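The values are calculated or read from the model by the stated rules, or taken from the named source; none is laboratory data. No experiment lies behind these values; they were computed from the predicted model shown. Backbone-built Cβ (ideal geometry, glycine too); neighbour counts: all protein chains shown.
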Amino acid sequence: MLDGPLRPAKDRLLGPLTRGPLGAVPPMVVSVLALVAALGAATAAWQQMSVAAVALWLVSRTADGLDGALARHQEVASDAGGLIDIVFDTVGYAVIPLGIAAGIDTRAAWITVAVLLATFYINAVSWTYLSALLEKRNAGAAAVGASTSTIMPRGLVEGTETIVFFAVALAWQDGAVAVLATMAAAVAITIAERMWWARGVLA
């Protein structure tokens, strides 16, 4: 929901970094850093180290935003890089709730995370297949002038909302189950939104 409106602000914040000493760092190195930090955040959550978990999660998401900015700055942006980026993101989105569940280790936590990951799975199919159909119809990223390799139809839960939900769940262990349950419901609404939108676009 907020990714589109916040993208210009994100670009303004990350722009100076690409023109500074970090400007020569290969984007792939930053992508790997984002993945490693996400894995570290999940591990910290498992060990109930809330401060470290939140810090590593935010480092991961900052690096995730920076790798694309670096690729565009260095004029090396590619579809392969975009694919690696989304796969690494998906790994992070999977391990964070698993780390939280492992740290809490209650039946309610594991069931909630299972439901959340199920909604992630269905949501991923809904938007990736829809994006492929839009590309097939010449209405994809290139057609709309997007800076990303593919376009993700808008929804209630996007990258920004995921960062916030996970940060709150990592920081607030006692309320993590409720936070992740709320997120699962919001992702379900997102799926419905995208299917309704596709109903009109693909008719």
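Any chance the stretch 59-74 includes a residue that's more than 15 Å from T162 (Cα to Cα) and not in a helix (DSSP H, G or I)? Within the stretch 59-74, one or more residues are more than 15 Å from T162 (Cα to Cα) and not in a helix (DSSP H, G or I).
Identify all residues within the stretch 75-92 that are part of a helix (DSSP H, G or I) and charged (D, E, K, R); write none if there are none. Lay out the reasoning, then the answer.
If we filter the stretch 75-92 for residues that are part of a helix (DSSP H, G or I), which is where we start, we get 79-92.
Once the filter is applied, which keeps residues that are part of a helix (DSSP H, G or I) and charged (D, E, K, R), the stretch 75-92 yields D79, D85, D89.
When V29 is tested against the conditions (1) under 19 Å from the mean Cα position of the chain (by Cα); (2) at pLDDT below 75; (3) surrounded by fewer than 16 Cβ atoms within 10 Å (Cβ to Cβ), the lone failure is (2). Among the conditions (1) part of a helix (DSSP H, G or I); (2) at pLDDT 90 or above, Q48 misses just one, which is (1).
Taken together, L70, L116, L66, L83 contain a single residue that is surrounded by 16 or more Cβ atoms within 10 Å (Cβ to Cβ), within 27 Å of R199 (Cα to Cα) and of a type outside the set (K, R), which is L116.
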